[in-house]
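In what follows, a single structure is set out as structure tokens and then discussed.
The values are calculated or read from the model by the stated rules, or taken from the named source; none is laboratory data. Quantities reported herein were computed from a predicted structural model and do not represent experimental measurements. All Cβ positions, glycine included, derive from the backbone under ideal geometry; neighbour counts span all protein chains shown. Only protein heavy atoms, including side chains, enter the accessible area calculation; ligands, DNA and RNA are left aside. Shrake-Rupley method; radii C 1.70, N 1.55, O 1.52, S 1.80 Å.
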Amino acid sequence: MNRPRLAIAGLTACSGCQLTLLNCEEELAEVAARFDLVSFPMAESVEGGAPFDAAIVEGAVSTPGDLANLFRLRNSSRLLVALGTCAIFGGVAAMNNGVSTREELVAAVYGDGEKTVESFAPAPLTNFVSVDFSITGCPPEKQEVMALLCALLNGTLPPLATYPVCTECRSRENLCLLLERKELCLGPIIQGGCNARCPATGIVCEGCRGPVREANVAQELELLLERGFGRKEIERRMSRFKPEWDYGQRR
Amino acid sequence: MAKTTLKNIHLSHFLELLRLFGELHGPVLSDQGVFSFAPLASASDLQLNYSRTQIPPKKYLLPFREEILHYQKGAYRQAVPYGSETVLFGVHPCDLDAMAYLDRVFLAEAADSCYATRRANLTLVGLSCRPDDFCFCSGPRESAACDLFLQAGEDGFSLTARSAKGEAITAAAADLLVETEKEIEPPACGSCNVLPQDPQLRFSAHPLWVKFAEACVSCGACSVCCPTCYCFDLREYPSLSGGAERVREWDNCLFVTHGEVAGGNFRATRLERLRYRFLHKYCGFTPLTGITSCVGCGRCKEFCPVGIDLRELFQDLPLDCGRTP
Ligand code: SF4
Ligand code: SF4
Ligand code: SF4
Ligand code: SF4
């Protein structure tokens, strides 16, 4: 059997998504045997080795170096997979994109001393290249990452769940925090697949997996306003993992 | 006169006796404060006066997610559900009727083997109820779709066996049962299900259609919580070692993916999907045309975050089924 050639790379991010893969301890030996892990800078420091069957890319694009890496991966790989919320939506690093300017943010983080790395507002991969598949989550779920690898091995892509967090939340017989406690839960418009991790422990869904398809954003906004939350607070919470929302969107 | 009355003081003994027939489950209140069917560790956990559980008993027959097929080395193997006898105590008439409906779907020609195995292992003990504001029925009723039915009265329950299993239970409980001069009256109301609607109604020009389509967030709660919603999605996942499993998971007709096929979507808009839901719930389709699948449990109304009640689209809302007890 041909061993698919894999590149796993990180742009501007916390490396949590790549760590998810390293955390699949039970399967890791088998993964190493079945794939040709050509480039995995986080696990070892070998670079190069193109072309790839698939490049799995974590993180947002925020520096000229990120951009060069991304182009290199896109050009040398048959499939490009966005791994995690940052790669798909910008993620936590992008949360202040619409709030503060780049200069303000850089000054706040680095002070006005040394010359800093050149950077721009963190943006999703799709702003620059075409992406063949996405695995969402901050960080992604282990079993979805494994489903991707198993599917790649079989020359296909996995059918992941497409329903919102509420579906799994209700199926787990959780108390609905939005309805029963009037809390700011984003479950109805957020992509499920995490088995409603947060509401299952009594914490609202913060929306770390980004919007579900056809998210009824306008109705969610109405629901939250009705429960007494201010527009500003709602927008602040919603932009935690994805900076730009169309608040009028119903489908 | 037959001994068919179980006094309240004997209920805990009766529950212990039921354990002889299988693992005992019943309505409990979870730590989070949600009514749910769960194993009854002790009789004191039982919530006799529960309104409705969030997830209906269909979870015992059709779990949210299950492997139904396994593929390895060129051969398919059907999954055999782990089967142990289960006694489900305290099921309300609407939920019993709902399981009878699911039986018609899954045990008809070419019975679903996973469902059939689970169904054969399930003993149903029904319990009368008192409708609340969310129920679609107009009064208490009985259901014969069980093994044994308990009609609650002042100081006890009147038992009616509905199957051989039910008779075996009453026989085993003979010592706990007494005769009563005045039997607890079964309610006169036979069935207060939502009546079947005209399929053409789904194309009515009612302004609520558009309003509902705009408000629905496609959260899935209405079907996840509906005791007769059985639509499922099938997905296949290969494993690293070469085999694969086929998984079945609950689906909802209000999801954009529900009618999606290669190259298009049978019901591309939420409005079309709502019309479809209306058709399935209140009109039925082949081979169950003309049979409403709504048993009136009220869950969709209670758990919908935007308060959608499709019955408002009926020409005349059958708030009263006409057979008031
Ligand atoms: S708690 Fe949140 S995720 Fe769960 S059902 Fe309610 S709104 Fe949906
Ligand atoms: S419940 Fe929401 S915030 Fe929590 S893991 Fe799932 S998507 Fe992320
Ligand atoms: S449609 Fe609603 S009321 Fe009718 S059976 Fe389903 S959840 Fe219950
Ligand atoms: S519960 Fe209500 S909002 Fe959710 S999918 Fe059903 S009709 Fe739509």
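Tell me the Kirkwood hydrodynamic radius of the protein assembly as shown in angstroms, computed as one over the mean inverse distance between distinct C-alpha pairs.
On the way: mean 1/r = 0.0376 Å⁻¹.
Kirkwood radius, the protein assembly as shown: 26.6 Å.
Just add up the charged neighbours of B:R273: K/R +1, D/E -1, any other residue whose Cβ is under 14 Å from the Cβ of B:R273. Numbers along the way, then the final one.
On the way: positive: A:R213, A:R250, A:R251, B:R202, B:R267, B:R270, B:R275, B:R277, B:K281; negative: A:E214, B:E214, B:D251, B:E260, B:E272.
Around B:R273, the surrounding residues sum to +4.
What does the charge count near A:T162 come to, summing +1 for each Lys or Arg and -1 for each Asp or Glu among other residues with Cβ under 13 Å from its Cβ? If you can, show how the numbers build up before the last one.
Numbers: positive: A:R209, A:R213, B:R235; negative: A:E144, A:E168, A:E214, B:D233, B:E249, B:D251, B:E260.
Cβ neighbours under 13 Å give a net charge of -4.
Kindly state, to the nearest 0.05, the FRET efficiency for B:L20 paired with A:A50, given R0 = 60 Å and r defined as their beta-carbon distance.
Details: r = 68 Å, r/R0 = 1.13.
Here the calculated transfer efficiency is 0.30.
Which shape class applies to chain A: rounded if a/c is under 1.5, otherwise prolate when a/b exceeds b/c and oblate if not, where a ≥ b ≥ c are the square roots of the Cα gyration tensor eigenvalues?
Values: a/c = 2.18, a/b = 1.29, b/c = 1.69.
Taking the square roots of the gyration eigenvalues as a ≥ b ≥ c, chain A is oblate.
Keeping all protein chains in place, calculate the accessible area per residue for the protein assembly as shown (probe 1.4 angstrom), answer in Å². Walk me through the numbers before you get to the answer.
Working: 25730 Å² over 576 residues.
Solvent-accessible surface per residue comes out at 45 Å².
What residues from segment A:122-164 fall in the zone where the backbone N is under 15 Å from a label point 7 Å along the Cα-to-C-beta line of A:D36?
A:153
Return the FRET efficiency for the residue pair B:E312, A:Y247: r is the Cβ-Cβ distance, R0 is 30 Å, and the value is rounded to the nearest 0.05. Write out the running numbers ahead of the final one.
Working: r = 28 Å, r/R0 = 0.92.
About 0.60, to the nearest 0.05.
Using only the alpha-carbon atoms, how far is helix A:64-75 inclined from the longest principal axis of chain A? Give it as 0 to 90 degrees, nearest 10.
With both axes taken from Cα atoms, the answer is about 70 degrees.
Just to be sure I understand the model, the point goes 7 Å from the Cα along the line to the Cβ. What's the resulting B:A120 to A:L19 distance in nm?
About 5.0 nm, to one decimal.
For the Cα atoms of chain A, what angle does the longest principal axis make with the long axis of helix A:25-34, in degrees from 0 to 90, nearest 10?
With both axes taken from Cα atoms, the answer is about 40 degrees.
As a check on your grasp of the helix formula, calculate [θ] at 222 nm for chain A: sum -39500 (n - 2.57) over DSSP H runs of n ≥ 4, divide by the residue count, round to the nearest 500.
Working: 10 runs with 84 residues, N = 251.
Using -39500 (n - 2.57) per qualifying helix, the result is -9000 deg cm²/dmol.
Could you work out how far apart the two model spin labels at B:L69 and B:A108 are, taking each label as a point 7 Å from the Cα in the direction of the beta carbon, and quote it in nm?
Each label point is offset 7 Å from its Cα along the Cβ direction, giving 2.1 nm.
Please state the shape class of segment A:5-153: rounded when a/c is under 1.5, otherwise prolate if a/b exceeds b/c and oblate if not, all from the C-alpha gyration tensor. Each step should come with its number before you reach the end.
Working: a/c = 1.99, a/b = 1.81, b/c = 1.10.
Taking the square roots of the gyration eigenvalues as a ≥ b ≥ c, segment A:5-153 is prolate.
Within a 10 angstrom radius of each residue's Cβ in B:230-242, how many Cβ atoms of other chains show up on average? Whole number is fine.
On the way: counts 0, 0, 0, 4, 1, 5, 5, 9, 10, 7, 12, 5, 5.
Mean shielding count: 5.
Say R0 is 51 Å: what FRET efficiency, to the nearest 0.05, do B:L201 and A:K142 get from their beta-carbon distance? Don't skip to the answer; put the middle values down first.
On the way: r = 47 Å, r/R0 = 0.92.
FRET efficiency, B:L201 to A:K142: 0.60.
Rounded, prolate or oblate: which fits chain B, taking a ≥ b ≥ c as square roots of the Cα gyration tensor eigenvalues, rounded meaning a/c under 1.5, else prolate when a/b beats b/c? Working shown, then result.
On the way: a/c = 2.15, a/b = 1.28, b/c = 1.68.
Oblate shape, in that a/c is at least 1.5 and b/c is the bigger or equal ratio.
Just in segment B:80-133: which trypsin sites (Lys or Arg not before Pro) are loop by DSSP and have at most 11 other Cβ atoms within 10 Å? Show your work: numbers first, answer last.
Details: sites: B:R104, B:R118, B:R119; in loops: none.
Passing sites in segment B:80-133 do not exist.
Enter the angle in degrees (range 0 to 90, nearest 10) between the Cα long axis of helix A:142-153 and the first principal axis of the Cα atoms of chain A, meaning the one along which they spread out most.
Its long axis makes an angle of about 40 degrees.
On a 25 Å Cα-Cα criterion, which of the cross-link pairs B:K58/B:K281; B:K59/B:K165; A:K142/A:K182; A:K142/A:K242 come out too long?
On the way: B:K58/B:K281 16 Å; B:K59/B:K165 22 Å; A:K142/A:K182 31 Å; A:K142/A:K242 22 Å.
Over 25 Å apart, Cα to Cα: A:K142/A:K182.
How much length would be gained if the chain were fully extended between B:E236 and B:F285, taking 0.36 nm per residue of separation minus their Cα-Cα distance, in nm to one decimal? Display every interim value, and only then the final one.
On the way: separation 49, 0.36 × 49 = 17.64 nm, distance 2.79 nm.
The span from B:E236 to B:F285 would gain 14.9 nm if fully extended.
Distance from the Cα centre of segment B:205-243 to that of segment B:1-63, in angstrom?
29 Å
How crowded by other chains is A:212-219, given as the mean number of beta carbons from other chains within 10 Å of each beta carbon?
Numbers: counts 5, 5, 8, 2, 9, 1, 3, 8.
Mean partner-chain Cβ count within 10 Å for A:212-219: 5.
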